[in-house]
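Engineer: I'd like to ask you about the structure that follows.
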Amino acid sequence: MDCHLERKIRLSEESEFKSLYSWSLQEFNEEGQKVGSNHVPWDWSLYFTASELRHHQSIEIHRSNGSDDEENNKPVEESETISAILHPGICRDGERLEDDTSYFMFGTNRRVKQFGLGIYKLEESDDKERCALWGSVSYTTEIDFRDTTTDDTVQIYLWLSPNRFNNLVEIIKAKRADIVQVHLSRVSGFYSEWSPSISTYNIKVLAASDDQEILCPDNCKIDPPRLGEVGKFNLSIIQRNCINPKQDLRGINIDKIFEEPGDFDEKDYEKGEAESRPDATPQLLAQLARNGLVLSKLNTPLWLIFIALLLLLFK
């Protein structure tokens, strides 16, 4: 098997900022020149979003070997798994990825493009639920006299209790999962440049196998963490329901639409000062015109009242 590595990986115990980190991993090209920055273990949050969620069921049948021992003679075996295709980043609107991070295998400058999630059901409810990561550097191997190349990959594995696993299966079957997100933190084997920030745009991955050999100083007692344990794992399944935009429902006083003209002083009327009385007709017409849209939505009885008022007005 030929692993596709382009750089050497070295552990350095020298640091300009001993109070921040005491050691780091560095990369060097074939000429022995340092490439990139110092990388230290990354413990902060990282996010992934699934583009596909699958439920797998399998039945395996074995030919009976004629033994009476039930433990060694199980003709049928059934299994269930859930898998997902993941992409770095978090999706908040159901369309775009944000806070996306680029992942690279240590010893390469290739961006990792294959991420996956596998969920398995524990045999017993009392078994411990857990999460782990596995990864591999791209390699080429010969299969049936043909060279086959496997790309860089990072896989997340999750083991859940039967009840929790079955609940996820029901969500998948009912198609209630619109957004599936994975949140990780304190992942063993993830490295980045030291920063006071709790976010990063680049992660270097150190797989569990020895293919990514690390050159260490003499008498070095540091064992750099590799892919495996996960300090915190969160799986979020979101169902999105489209809601109509908020409508303009400003309050309307229907009674005021049919308000009678204001009362007038009888003394002024008796004195013949009719000119002091305002003409209510234009005001009512203007009010009715402004509320035309409202009236168009009124029920039939109110329409009849409206027509009757117009007849009385011009009678």
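The values are calculated or read from the model by the stated rules, or taken from the named source; none is laboratory data. Remember, it's a predicted structure, so these values are computed and weren't measured experimentally. Backbone-built Cβ (ideal geometry, glycine too); neighbour counts: all protein chains shown.
Engineer: Kindly indicate whether GLU16 is over 29 Å from HIS87 (Cα atoms) and either charged (D, E, K, R) or in contact with a His (Cβ under 8 Å, 6 or more places away or on another chain) (or both).
Structural biologist: Spelling it out, GLU16 is indeed over 29 Å from HIS87 (Cα atoms) and either charged (D, E, K, R) or in contact with a His (Cβ under 8 Å, 6 or more places away or on another chain) (or both).
Engineer: Could I ask something else about it? Which one is modelled with the lowest pLDDT among residues in region 130-167 that are more than 21 Å from GLY107 (Cβ to Cβ), touching a strand residue (DSSP E or B) at 6+ places or on another chain (Cβ under 6 Å) and not in a strand (DSSP E or B)?
Structural biologist: This residue is PRO162.
Residue-by-condition table, conditions (1) farther than 30 Å from GLN181 by Cα; (2) surrounded by 15 or more Cβ atoms within 10 Å (Cβ to Cβ); (3) free of Cβ contacts under 8 Å to residues at least 12 places away in the same chain:
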| site | (1), (2), (3) |
| --- | --- |
| HIS4 | yes, yes, no |
| ILE9 | yes, yes, no |
| GLU14 | yes, no, yes |
| PHE17 | yes, no, no |
| SER24 | yes, yes, no |
| GLN33 | yes, no, yes |
| PRO41 | no, yes, no |
| HIS56 | no, no, no |
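Engineer: Pick from region 99-129 the residues that are under 14 Å from VAL182 (Cβ atoms) and of a type outside the set (Phe, Trp, Tyr): which of them is modelled with the lowest pLDDT?
Structural biologist: ASP99
Engineer: Now a separate question. Do we find that PRO225 is over 20 Å from GLU98 (Cβ atoms), modelled with pLDDT of 95 or more and not in a strand (DSSP E or B) in this structure?
Structural biologist: Considered against the rule, which asks whether it is over 20 Å from GLU98 (Cβ atoms), modelled with pLDDT of 95 or more and not in a strand (DSSP E or B), PRO225 comes out as yes.
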